[in-house]
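Peer 1: Below you will find the structure I want to go over with you.
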Amino acid sequence: MESFIIEGGHRLCGTITPQGAKNEALQVIAATLLTEEEVKITNIPDILDINNLIKLMSDIGVKIRKTAKNEYIFQANDLNLDFLESPEFVKKCASLRGSVLLIGPLLGRFHKATVSPPGGDKIGRRRLDTHFLGFNKLGAKFGYIETRGIYEVYADSLHGSYMLLDEASVTGTANIIMASVLAKGTTTIYNAACEPYIQQLCHMLNRMGARISGIASNLLTIEGVTRLHGTTHCTLPDMIEIGSFIGMAAMVGDGVRIQGISSSELGIIPDSFRKLGVQIQEDDDSLFIPQQNHYEIESFMDGSIMTLSDAPWPGLTPDLLSVLLVVATQACGSVLFHQKMFESRLFFVDKLIDMGAQIILCDPHRAVVVGHNHKLKLRAGRMTSPDIRAGIALLIAAMSANGTSRIDNIAQIDRGYEDIENRLNQLGAYIQRVKN
């Protein structure tokens, strides 16, 4: 186990570049199972969740070569399908949320997949029903083997079908897309997720020979093909990391530039921070966040209290609500945060309250923040990171606090942020990694 020691009060200044997108990388790496040919992927973040998935792919028999920093070539031409039945495979899947993305390509290409209920953040129930209902529409059958604690999904063949998803699940949509590109006939997915990462997956698959139309909408049409070939793909910059850097710059920045952001893919993220009064200047493919001595939360046009809530794309991603909440603690004014998609993601605010933040936790989904307007700094403290996004929010809080804080269980932060302490230290932070 490792921890961060954070000396608060150090100001950040300079330029930082976001890593490759974690959620996209998980999808496109899994998609390399759909072809025997080589697939080269660049801008892969060097983080725990990605590295664990790459190791799992290697165990399955995928040939993997690291050709440069953040760059890999994958070739799935000689897989060990027996390993998919092993207790070792099941155990590894249970510790990695991204393992669920292997079901679609394995089912699409080999018509069978064995997957344990996936691990990952403990942020409430994250059901797999959408995945399995979609597979069932394609002709697959599935069952839960209680004695082994695994799901089995299998089909003699897959056939295109119309389906209306019960929720716009990102991983569910990705899995169904990967299962259907090699199915016979045409698949229509309505209420599909349309995040930029799903769009990237579709573009990559089309370059591999798939026939996917309706990209960027919630209605996808997929004409099945008999085989896919290799390609080269570059992941987008990680929008969640970009939002995290905006939050840090707002709280403790003396002028921070975030470069290489692919601004057209950020959606309403910058405007969500602007609703808290944060100044953001857009310049070509970068954002500049000047020093924020004062930022005032907006009200709605009728004068009612500002509410920020998560929603499927193009709404506000739930992964940034924790960062926005921390930023609001030093704003002028009050704001209601409504976390609709997960029921446990706001429980970390107890740690912020211990640091002196004025937060009312209304229920598992809603919290009201009354900003300090920089008149009262947060107090340093000892905390434990419960998940990736709460972990980075606590890190931001500690960087702005008076005194020295300690955050334990930072493996959760490492799952989503590459070399985060060294990159922030180069901007002026003081963060030390220690072993317990």
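Peer 1: Name every residue in the stretch 104-129 that is at pLDDT 75 or above and open to solvent by less than 50 Å² (accessible area, probe 1.4 Å), in order of residue number.
Peer 2: Step one: of the stretch 104-129, the residues at pLDDT 75 or above are 104-114, 128-129.
Across the stretch 104-129, the qualifying residues are Gly104, Pro105, Leu106, Leu107, Gly108, Ala113, Thr114, Leu128.
Peer 1: The conditions are (1) in contact with a Leu (Cβ under 7 Å, 6 or more places away or on another chain); (2) open to solvent by less than 40 Å² (accessible area, probe 1.4 Å); (3) touching a residue at least 60 places away in the same chain (Cβ under 8 Å); (4) in the same structural domain as Ala155 (by the TED database), and Leu96 fails exactly one of them. Which is it?
Peer 2: (3)
Peer 1: Just checking, does the stretch 284-291 include any residue being part of a loop (DSSP other than H, G, I, E, B), of a type outside the set (D, E, K, R) and either out of contact with any Phe, Trp or Tyr (no Cβ under 6 Å at 6 or more places or on another chain) or modelled with pLDDT of 95 or more (or both)? Outline the logic, then answer.
Peer 2: Let us first name the residues in the stretch 284-291 that are part of a loop (DSSP other than H, G, I, E, B), namely 284-285, 290-291.
Applying the additional criterion that residues be of a type outside the set (D, E, K, R) yields 290-291.
Imposing the further condition that a residue be either out of contact with any Phe, Trp or Tyr (no Cβ under 6 Å at 6 or more places or on another chain) or modelled with pLDDT of 95 or more (or both) reduces the set to 290-291.
Checked against the condition, which is being part of a loop (DSSP other than H, G, I, E, B), of a type outside the set (D, E, K, R) and either out of contact with any Phe, Trp or Tyr (no Cβ under 6 Å at 6 or more places or on another chain) or modelled with pLDDT of 95 or more (or both), the stretch 284-291 yields at least one hit.
Peer 1: So which strands (runs of 3 or more DSSP E) are wholly in the stretch 211-258 and hold at least 2 residues that are under 30 Å from Leu320 (Cβ atoms) and in contact with a Phe, Trp or Tyr (Cβ under 9 Å, 6 or more places away or on another chain)? Write out each step before concluding.
Peer 2: Values: elements: 211-213, 219-223, 231-234.
In the stretch 211-258, 219-223 are the strands (runs of 3 or more DSSP E) which contain 2 or more residues that are under 30 Å from Leu320 (Cβ atoms) and in contact with a Phe, Trp or Tyr (Cβ under 9 Å, 6 or more places away or on another chain).
Peer 1: Among the numbered conditions (1) modelled with pLDDT under 95; (2) open to solvent by 10 Å² or more (accessible area, probe 1.4 Å); (3) of a type in the set (A, V, I, L, M, F, W, C); (4) under 22 Å from Leu276 (Cβ atoms), tell me where Ala411 comes up short.
Peer 2: (4)
Peer 1: Which numbered condition in (1) on the phi < 0 side of the Ramachandran plot; (2) surrounded by fewer than 16 Cβ atoms within 10 Å (Cβ to Cβ); (3) of a type outside the set (Phe, Trp, Tyr); (4) in a loop (DSSP other than H, G, I, E, B) is the only one that Gly303 fails?
Peer 2: For Gly303, the exception is condition (1).
Peer 1: Regarding Thr32, is this residue crowded, with 22+ Cβ neighbours inside 10 Å, hydroxyl-bearing (Ser, Thr, Tyr) and within 24 Å of Pro237 (Cβ to Cβ)? Don't jump to the end; show me each part of the working.
Peer 2: Details: crowded, with 22+ Cβ neighbours inside 10 Å: yes; hydroxyl-bearing (Ser, Thr, Tyr): yes; within 24 Å of Pro237 (Cβ to Cβ): yes.
In short, yes.
Peer 1: Among the residues in the stretch 332-339, are any farther than 14 Å from Lys275 by Cβ and out of contact with any Asp or Glu (no Cβ under 7 Å at 6 or more places or on another chain)? Talk me through it step by step, then tell me what you get.
Peer 2: Our first condition is that a residue be farther than 14 Å from Lys275 by Cβ; within the stretch 332-339, this holds for 339.
Narrowing the set further to residues that are out of contact with any Asp or Glu (no Cβ under 7 Å at 6 or more places or on another chain) leaves none.
Among the residues of the stretch 332-339, not one is farther than 14 Å from Lys275 by Cβ and out of contact with any Asp or Glu (no Cβ under 7 Å at 6 or more places or on another chain), which makes the answer no.
Peer 1: Among the residues of the stretch 152-166, which ones are open to solvent by 60 Å² or more (accessible area, probe 1.4 Å) and either part of a strand (DSSP E or B) or touching a residue at least 60 places away in the same chain (Cβ under 8 Å) (or both)? Let's see the steps before the verdict.
Peer 2: Of the stretch 152-166, the ones open to solvent by 60 Å² or more (accessible area, probe 1.4 Å) are 154, 156, 159, 162, 164, 166.
If the condition is that a residue be open to solvent by 60 Å² or more (accessible area, probe 1.4 Å) and either part of a strand (DSSP E or B) or touching a residue at least 60 places away in the same chain (Cβ under 8 Å) (or both), then Tyr154, His159, Tyr162, Leu164 are the ones that fit.
Peer 1: Here's a follow-up. If you check Leu427 against the conditions, is it under 19 Å from Val256 (Cα atoms), in contact (Cβ under 8 Å) with a residue 60 or more places away in the chain and touching a Ser or Thr at 6+ places or on another chain (Cβ under 8 Å)?
Peer 2: When the stated conditions are applied, Leu427 does not pass them.
Peer 1: I've got another one for you. Look through the stretch 170-190, keep the residues that are under 23 Å from the mean Cα position of the chain (by Cα), open to solvent by 20 Å² or more (accessible area, probe 1.4 Å) and of a type outside the set (A, V, I, L, M, F, W, C), and return whichever of them is farthest from Asp238 (Cα to Cα).
Peer 2: Of the residues in the stretch 170-190, the ones under 23 Å from the mean Cα position of the chain (by Cα) are 170-179, 189-190.
Now restrict to residues that are open to solvent by 20 Å² or more (accessible area, probe 1.4 Å): 170-171, 190.
With of a type outside the set (A, V, I, L, M, F, W, C) added as a condition, the list becomes 171, 190.
Numbers: Thr171: 17, Tyr190: 26 Å.
Among them, the one singled out is Tyr190.
Peer 1: When you go through (1) within 22 Å of Leu138 (Cα to Cα); (2) open to solvent by 30 Å² or more (accessible area, probe 1.4 Å); (3) of a type outside the set (Ser, Thr, Tyr); (4) within 24 Å of the chain's Cα centre (by Cα) one by one for Ile212, which number turns out not to apply?
Peer 2: The single condition Ile212 does not satisfy is (2).
Peer 1: Let me ask something else about it. Got a number for residues in the stretch 191-207 being surrounded by 21 or more Cβ atoms within 10 Å (Cβ to Cβ) and closer than 22 Å to Val39 by Cα?
Peer 2: Start the filter on the stretch 191-207 by keeping residues that are surrounded by 21 or more Cβ atoms within 10 Å (Cβ to Cβ), which leaves 192-195, 197-198, 200-202, 204-205.
With closer than 22 Å to Val39 by Cα added as a condition, the list becomes 197-198, 200-202, 204-205.
So the count comes out to 7.
Peer 1: Turning to a different aspect of this structure: Would you be able to say whether some residue in the stretch 65-82 is open to solvent by less than 10 Å² (accessible area, probe 1.4 Å), over 24 Å from the mean Cα position of the chain (by Cα), within 22 Å of Leu182 (Cα to Cα) and in the same structural domain as Gly185 (by the TED database)? Break it down into steps so the answer makes sense when it comes.
Peer 2: As a first pass, look at the stretch 65-82 and keep what is open to solvent by less than 10 Å² (accessible area, probe 1.4 Å): 74, 76.
Next cut, over 24 Å from the mean Cα position of the chain (by Cα) only: 76.
Filter again for within 22 Å of Leu182 (Cα to Cα), leaving 76.
Those still in the list that are in the same structural domain as Gly185 (by the TED database) too: 76.
The answer is yes; a qualifying residue exists.
Peer 1: Within the stretch 31-64, how many residues turn out to be at pLDDT 95 or above, hydrophobic (A, V, I, L, M, F, W, C) and in contact with a Ser or Thr (Cβ under 9 Å, 6 or more places away or on another chain)?
Peer 2: Matching residues across the stretch 31-64 total 5.
The values are calculated or read from the model by the stated rules, or taken from the named source; none is laboratory data. Remember, it's a predicted structure, so these values are computed and weren't measured experimentally. Neighbour counts are summed over all protein chains in view; Cβ atoms, including those assigned to glycine, are modelled from backbone coordinates with ideal geometry. Ligands, DNA and RNA are excluded from the accessible area calculation, which covers all protein heavy atoms including side chains. Shrake-Rupley method; radii C 1.70, N 1.55, O 1.52, S 1.80 Å.
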